[in-house]
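Participant: Input: one structure, supplied below.
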Amino acid sequence: MTHQVHAFEPPERFVAGTVGPPGERAFFLQARGGGRLVSVALEKVQVSLLAEKLEELLSEAQRRFGVELPEPVALVGDNDPLDTPVDEEFRVGTLGLAFDVDTATVVIEAIAVGEAEVEVELGEPDDDTEDAEDEDEEPDEDLDRLRVRLTPEATRQFIERARRVVNAGRPPCPLCGQPLDPAGHLCPRHNGYHR
């Protein structure tokens, strides 16, 4: 099976964004550059974790390698909507992060959801275990992926926008923390009465 690697090193624009009204939003990572536009779908929690882990990666790069980091408040963020058309290339299953010391850039890799995990779990053991181990060593090698290389400044801008996108959804209930719909919700802290 052939796979595609959508590489943007560096992209003209790399953002997290959504399509749809609050409560029904679909989350995307979108990269643009060189006349190409690639959008990959992922979950809200993945966007939130990506922003958190990128912040940790930048802090670690500064601590270990002395990388100069811009101040978060000094950045003017990208508030534009996603570029259209928003055509989903694939759904993200795994996110990978790395810091390239030679170029002082952050590498983000979004890998498609694969069926390899299911096949490995459901597969019957072979008599020839050496061949099976070699084949299963890199199960995600045949999966599509989006690879983006960002400067620390661009990474910080991505983090700020990702956090704004995640927090722009439905407000949480002050009692239970679940999202409030425009019509309210059944709050477990109020024994099921509408809030």
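Participant: Hey, with R₀ at 22 Å, roughly what FRET efficiency would Val86 and Val113 work out to, going by the Cβ-Cβ distance, to 0.05?
Facilitator: That gives a FRET efficiency of 0.75.
Participant: Tally up the carbon and sulfur contribution to the accessible surface of segment 10-57 as a whole percent, 1.4 Å probe, everything protein left in place.
Facilitator: Of the solvent-accessible surface of segment 10-57, carbon and sulfur hold 54 percent.
Participant: Give me the distance in nm between label points sitting 7 Å out from Cα along the Cα-to-Cβ direction at Leu186 and Leu69, one decimal.
Facilitator: Once both label points are built, they end up 4.4 nm from each other.
Participant: OK, next. For the peptides 148-156, 13-21, what is the packing order when you average, over each peptide's residues, the other Cβ atoms within 10 Å and list the highest mean first?
Facilitator: Taking the mean over residues of other Cβ atoms within 10 Å, the ranking is 148-156, 13-21.
Participant: Return the distance in nm (one decimal) between the two label points of a simple spin-label model at Gln178 and Ala26, each offset 7 Å from Cα along Cα→Cβ.
Facilitator: Roughly 2.6 nm, to one decimal.
Participant: Taking a spot 7 Å from the Cα of Thr151 along the direction of its beta carbon, which residues of segment 5-25 have an amide N less than 16 Å from it?
Facilitator: Flagged as within label range: 9-14.
Participant: How much length is gained if the chain between Thr103 and Glu56 is pulled fully straight, taking 0.36 nm per residue apart and subtracting their Cα-Cα distance, in nm to one decimal?
Facilitator: This chain segment gains 15.1 nm when fully extended.
The values are calculated or read from the model by the stated rules, or taken from the named source; none is laboratory data. All values derive from a computational prediction rather than experimental measurement. Because the Cβ atoms are built from the backbone with ideal geometry, glycine has one as well, and the counts that use them run over all protein chains shown. Quick note on the areas: whole protein, heavy atoms, side chains included, nothing else; ligands and nucleic acids left out. Shrake-Rupley method; radii C 1.70, N 1.55, O 1.52, S 1.80 Å.
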